[in-house]
Each structure stands twice: as structure tokens, then as C-alpha cells.
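These notes are about the structure you will find just below.
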Amino acid sequence: MRPWSFLFGWNYKLIKKNRFLLRIGTSFPVYAFTSLNYLRNSESVDILTPQRFFILNSLLNYKISKKINFTLFYINGHGLEKRDQSDQANFITLRTGIDNLSLSNNMSISFSPEIYFLQIDKNNGFYFANTFALKHKKIPFYISSTLNQSINTSINAKTFDWNIGINYSFRSTYIKNKIK
């Protein structure tokens, strides 16, 4: 198994009131790995190559209840390499979150169905996706999977794709202390 991407994100909550959240953020550095083919001594060689990106994002979230929420999320990405990568991408999604449905005293499952628009350079498309997450209350690691289906697209990609992820939740919240 080889890595496909590494993403380091930082977010700032501009507004957090009762059921409403407005957040802005960035991801830098972002490394996406791709296989490039070139000739070495007249022989074709594939090499795993990192590509760097800079990403800005914004998020609006409204909670209907503790377990159900709606999110509007926007990402703007810029490629930092001079060749063999996309220059600019835009992503906007409308997502429903159904969180922490209890399976037992310690196990829960979450679902996040969404419809989204993706634009990469001059190509674009509409898609449907759903992310499932299986969590244990006492363990910070959890398993997730995303299923992705194209609806209408000019982007050269699979019509259907899926993955399995192992995630870690830091479960940390930082509070600004007021100086007296």
C-alpha cells in the first residue's frame, strides 16, 4: 500500500452560536502523490511523485439536533508545481450529517451523504458521495469509508470509486483565556 495524500489543516471558527457555525481555514502543506511515467535509458519507468497544493476553505453549518446537521462547504485549491499538475480547483458541497447513531454502549456509526460540484482547471462535474464512519467511544482511532458516484462530469475519473480510511481524532478544543 502506498500513500496517496497527506493533508495538514488549520481552521478558525469565526462564529459559533448555538446551532450555527462559520469557519474558515487553510490546508498547507498538502501533498498528493501521483504516478508519473518517463523514459530512463530507453526504458519506461513509473515513479511515485508528490505534488504540492495550497488550499483555502470556508464552512457554514447548521445543527438541527445533536445528531443531524446541514453543511455548505467550499474549497479553493492552487497547485504549486510548474508542470504535471492542476493549476486551480473549486469544490462546493451540500452535506447532511447524521452523527453517532448508537450501535451499542461504546460503538456508533455516522453517515454524511452529499451532493457536490467539482471544477478542476477547465473540467467540471456533479457528484453524489456518502461517507460512513464506525467509532468506539474509548478509542481515538476509527474506520471510515467514502463512496463516490458521478452524476454528470467532464472530469476524467472513475464513474464510481470508494476507499477505506483509518482516522485519528485529537478531540481537543482550545479556549482563549481572558487576561485579568
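Read-outs throughout are calculated quantities, based only on the coordinates presented, and are distinct from any laboratory measurement. Since the structure is predicted, the reported quantities are computational estimates derived from the model, not experimental observations. With ideal geometry, Cβ positions are generated from the backbone for all residues, glycine too; neighbour counts draw on all protein chains shown.
For the stretch 149-169, filtered to residues that are among the β-branched types (V, I, T) and outside any strand (DSSP E or B), the residue that is surrounded by the most Cβ atoms within 10 Å (Cβ to Cβ) is I155. Of everything in the stretch 90-118 that is within 21 Å of I155 (Cβ to Cβ) and out of contact with any Leu (no Cβ under 7 Å at 6 or more places or on another chain), the residue that is surrounded by the fewest Cβ atoms within 10 Å (Cβ to Cβ) is N90.
Answer yes or no: is there a residue in the stretch 82-89 that is in a strand (DSSP E or B) and of a type outside the set (F, W, Y). The answer is yes, given that some residue of the stretch 82-89 is in a strand (DSSP E or B) and of a type outside the set (F, W, Y).
If you check K13 against the conditions, is it of a type in the set (D, E, K, R), within 27 Å of L101 (Cβ to Cβ) and assigned to a loop (DSSP other than H, G, I, E, B)? When the stated conditions are applied, K13 does not pass them.
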